[in-house]
Amino acid sequence: MARSTGKAVPADADDAAVDRLFVNSVAKCFRVLETFNEAQRPLSLKELTALSGLEKSAAQRLTHTLCVLGYLRQHPRTRAYVLSSRLLEFSHSVLATDLVREAAESHLRALSEACKETVNLMELEGDEIVYVLRFPSTHPVSVDLHVGSRLPVFCSAAGRAILPWLPMAEAERLLAGPRKPMTEHTVTDLDALRGILAQVKRDGYVINNQEAFIGDISLAAPVFDRDGEVAAAINIAVPSPRWSIAKVKKELVPLLLQCARRITGDLSGKT
């Protein structure tokens, strides 16, 4: 079964062309929605066509259909389109049925109150890590993300906390994908990444120093379900001007690991 990458498969993709079950019109519809999501602003039909790569006639039909269904709104004067609040119903349903999120929420809230820093629950989806629960720091932060934000699996702390516990072939497949550096500190060498993951498996946690964002130190640990399979990762993100790696290891790692054990206990039914 093909794994989702978090984006609609292009209609002209080689693998889509030979998949008789693949519905191109549905993929184009989601390409429209993803274009608005990435733009994060109203788009005219011309802008949508240019950004999405769709033909104008297809974009026109799809935006009309989505407006009729209530998933897009069109401004009566500018004629620009925006996503409608009806899409929030889907996000609410996704979060409401996420058992890992439900088990983790109270523990992450307690962790957030204990450390006063940004705390996240992150899950693997396709080739990316997705934020599914977030408690922001009480202090000013340099990185302002939100539930639904995505990061590459290879360089995010949460991704590195999850990868060592996947089947080896799956972890290698994810590492073999594009590894574009996000900062000057991002490790992209495949052998170096394998070494990092081996260390993560020994320690049970990982600390990233400004690999995804400049000025951000991020530590993460995995949580496991009742079958012993990795279900997600919990993460604490702190700014490097206020924290050193040594201080993170001394003060935050014990809190992180304790929280991960408690969530795992709830998921496995052992608490």
Tell me yes or no: at least one residue of segment 218-237 is assigned to a helix (DSSP H, G or I), among the β-branched types (Val, Ile, Thr) and either over 24 Å from Thr138 (Cα atoms) or modelled with pLDDT of 95 or more (or both).
no
With the requirement that a residue be modelled with pLDDT of 90 or more, among the charged types (D, E, K, R) and farther than 24 Å from Leu267 by Cβ, what does segment 80-117 give you?
Lys116
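Within segment 162-178, is there a residue that is under 20 Å from Ser240 (Cβ atoms) and open to solvent by less than 70 Å² (accessible area, probe 1.4 Å)? Lay out the reasoning, then the answer.
From segment 162-178, those under 20 Å from Ser240 (Cβ atoms) are none; that's our starting set.
Looking through segment 162-178, none of the residues is under 20 Å from Ser240 (Cβ atoms) and open to solvent by less than 70 Å² (accessible area, probe 1.4 Å).
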In segment 206-251, anything touching a residue at least 60 places away in the same chain (Cβ under 8 Å) and in contact with a Cys (Cβ under 7 Å, 6 or more places away or on another chain) is listed as Ala212, Ile234, Ile236
What's the number of the condition Lys201 fails, among (1) open to solvent by 20 Å² or more (accessible area, probe 1.4 Å); (2) in contact with a strand residue (DSSP E or B) (Cβ under 9 Å, 6 or more places away or on another chain); (3) not hydroxyl-bearing (Ser, Thr, Tyr)?
(2)
Across segment 119-173, what is the total count of residues that are modelled with pLDDT under 95, of a type in the set (Lys, Arg) and more than 28 Å from Ala39 (Cβ to Cβ)?
1
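The values are calculated or read from the model by the stated rules, or taken from the named source; none is laboratory data. On a predicted model such as this, the values are computed, not experimentally measured, just so you know. Note: ideal-geometry Cβ built from the backbone for every residue, glycine included; neighbour counts use all protein chains shown. Note: accessible area is taken over every heavy atom of the protein model, side chains too, but ligands, DNA and RNA are not part of it. Shrake-Rupley method; radii C 1.70, N 1.55, O 1.52, S 1.80 Å.
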